[in-house]
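The values are calculated or read from the model by the stated rules, or taken from the named source; none is laboratory data. Since the model is a prediction, treat every value here as computed from it, not as a measurement. Neighbour counts run over all protein chains shown; Cβ positions are idealised from the backbone, glycine included. Just the protein is used for accessible areas: all its heavy atoms, side chains included, with ligands, DNA and RNA removed. Shrake-Rupley method; radii C 1.70, N 1.55, O 1.52, S 1.80 Å.
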Amino acid sequence: PTSTVGRGRQLQLQAAHESSNELLSLLSSNTDDDGEKDQDEDRIKSEIASLESSFLSSTNTTGTNESNDPKRFDPLIGLYEVKKVLTTKKGDNPVGGKWTRKNGLAQKLFQTRTMFQHLVPFNATGLSLALRSETAVAEAINVISLDALDGLLRIAIILRGDAVPLSLEERLQLNTNRTITPLTNLVVRAYFDPPRIFFGKRKKGNNYSYLPLKLGPTSSVLLDTTFYDSKVRVGMGGTSGTRFVFTSTAEEEAKEYEALLNQPSSGNKRKVLTRLCAIMAASLYVAFGRSVGADKLLEIYASKAASIIANAKITAAALGLVKTLKPWTMIGMRIMAGVSSVISGIALLLILFSSGGIERDGMERSPSPST
C-alpha cells in the first residue's frame, strides 16, 4: 500500500510539473489584441486552478506536526520574477501601488523595467530584526525597477521584510467563514520595513549612482503559496485572494537589491526634498538666470547648494562663469543644467506622491522616525 501511495503522489507531482510548463508557455505568449488577452488570461487562470488542485492536500492544511515543520519553507527559498498578477477586483494594483499604476505619474515619466519578489534565508541581508529570529523563516524582498530616457534615469523601490508563518490557531481563525481559497500552512505574514527608494543616474558604462531614501510607514501583508515547483511559485494574497505568478530566475538584475540595500540612507524625506530643491534652483539659475526667479530660490537653498558641490566658493565661481564663458560653451552648460533641473523636478514629484508595496492588509503601523 505504501508503494502504491508513493507512486500515486509521484504521478500527481509529474502532472503538476507538466501543467506548470503549460503555464510558462502561456505567460511567454504576448498579444496586443484585447480579445485574445482575455482568452489567454482565462487559460492562465485555468492552469493555476489545475496546479493548485494537484498541489493542495489534507496534510497541507490540517495543521499536523508534519505540516507545521519549519523546513517546509525551504523549497520556496529563491529569486523570483513577478510574471503575472491576477486581481479579484478591477482596478486593484497590489504590486507597486502608484509606481506601476498605468494612469499614475510614475508611469507617465518612467517605464517598468522589471519586478521581483524574492524569498531569501532569514537575515541574509543583515537587516532582519533579532526579535523575530525564533519565528521568521525567510526574508521577503520585493523589488520594482523603472527606467526613463533610455536608461539614463533609474528608480528602484525595495520592500524588505521578515516572513513569519501563521500559527495553526491564527489560520483556523482566518479560515472561519472565509469565502475565498482557504489559507494553507505555507501562509506567512511579512513584516515590511519602510520602503527604500533609490533614485539613480547612469554613469559610464552601465553603472549608476544612487540617491537612497527611506519613505513611508512600516506595513505587513499576508502571502500564501498555493503551488510551487522548481520553475514556478504561485502566491495568493491573504486578504484579497489575488494570485501572483512568480518564476524562478538567475538573471543578474535579480541580485541588484543586494548592493542597493547596503547603501546608507541619505536622510529623511524633508532633507532629501531640500537637497533636490537646491539642485533644481542651481540648475535653473545656470540654465535661465534671473529670468525664472532661480536667483531667489538659490538664496533660500544657498547653503544646501554649496554643500552639494562641497564648497561655497566653487559654487559661486561656477555660477559666475555663466556670464563669461564663450557662447557655445555656455549653451552646452545651459542644456546640461536644464536636464538636471528636469531630473531633480521629476524626483521631487515622485517623492512627494510616492508609495510602494505589495498588497497591504490594513495592518499598517505608524510611520518610521526616518520619514
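Taken over the stretch 65-88, the residue count meeting the criterion of being among the hydroxyl-bearing types (Ser, Thr, Tyr), at pLDDT below 90 and touching a helix residue (DSSP H, G or I) at 6+ places or on another chain (Cβ under 9 Å) is 1. Looking at the stretch 212-230, can you tell me whether even one residue there is farther than 28 Å from Thr247 by Cα, open to solvent by 50 Å² or more (accessible area, probe 1.4 Å) and modelled with pLDDT of 90 or more? No, every residue in the stretch 212-230 fails to be farther than 28 Å from Thr247 by Cα, open to solvent by 50 Å² or more (accessible area, probe 1.4 Å) and modelled with pLDDT of 90 or more.
Counting only residues that are closer than 15 Å to Ser220 by Cβ and open to solvent by 30 Å² or more (accessible area, probe 1.4 Å), the stretch 112-136 holds 3 of them. The set of residues from the stretch 231-263 being of a type in the set (A, V, I, L, M), open to solvent by 10 Å² or more (accessible area, probe 1.4 Å) and outside any helix (DSSP H, G or I) comprises just one member, Ala250.
I'd like to know if the stretch 153-162 contains one or more residues that are open to solvent by less than 50 Å² (accessible area, probe 1.4 Å), of a type in the set (Lys, Arg) and under 19 Å from Arg101 (Cα atoms). First the steps, then the outcome.
Here is the first cut: in the stretch 153-162, the residues open to solvent by less than 50 Å² (accessible area, probe 1.4 Å) are 153-162.
Adding the requirement that they be of a type in the set (Lys, Arg) leaves 154, 160.
Narrowing further to those that are under 19 Å from Arg101 (Cα atoms): 154.
Checked against the condition, which is being open to solvent by less than 50 Å² (accessible area, probe 1.4 Å), of a type in the set (Lys, Arg) and under 19 Å from Arg101 (Cα atoms), the stretch 153-162 yields at least one hit.
Can you pull out the strands (runs of 3 or more DSSP E) entirely within the stretch 94-182 that have at least 2 residues that are over 24 Å from Val234 (Cβ atoms) and out of contact with any His (no Cβ under 9 Å at 6 or more places or on another chain)? Counting at least 2 such residues, we get 138-148, 153-165.
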